[in-house]
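Inspection log for the structure reproduced underneath, given as structure tokens.
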Amino acid sequence: MDTVSEVEQWARVRGLDKPSNSSKQLIKLMEEVGELSAAYNKGRQDKVIDSMGDIQIVLIILCMQLGVGYGTSLLDAYRQIRYRKGKMINGSFVKDEDLEDER
């Protein structure tokens, strides 16, 4: 069993896979992102790693609740960006189409 399947099973056993819980799961996601930000800003690599894992677990469960495959959503997102062109501006990648919108 892969890790995603293990997380899904863990969530099912605890009743977290119900669509009615999705708004709470979204709030949990925002909390976890806040914890990641705080850990990053404090230079706490151990907490950054923990937060990244927590965010992925919350996303896996949210995907279950919404009937979206976690791996499918990741693959779809990657397929949208893999050939994207753009450039780095102030430490962020800006895609060409956004650069064109600014002109």
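Since every read-out is calculated from the coordinates, none of them should be taken as a lab result. Computed from a predicted model, the values in this text were never measured in an experiment. Cβ placement follows ideal geometry from the backbone for every residue including glycine, while neighbour counts extend to all protein chains displayed.
Inspection of the range 20-35 finds no residue satisfying the criterion of being closer than 17 Å to residue 4 by Cα and in contact with an Asp or Glu (Cβ under 6 Å, 6 or more places away or on another chain). Remark: pairs (first residue in the range 40-66, among the polar types (S, T, N, Q); second residue assigned to a loop (DSSP other than H, G, I, E, B); Cβ separation under 7 Å; 6+ apart in sequence or on different chains) = 65/17; 65/18.
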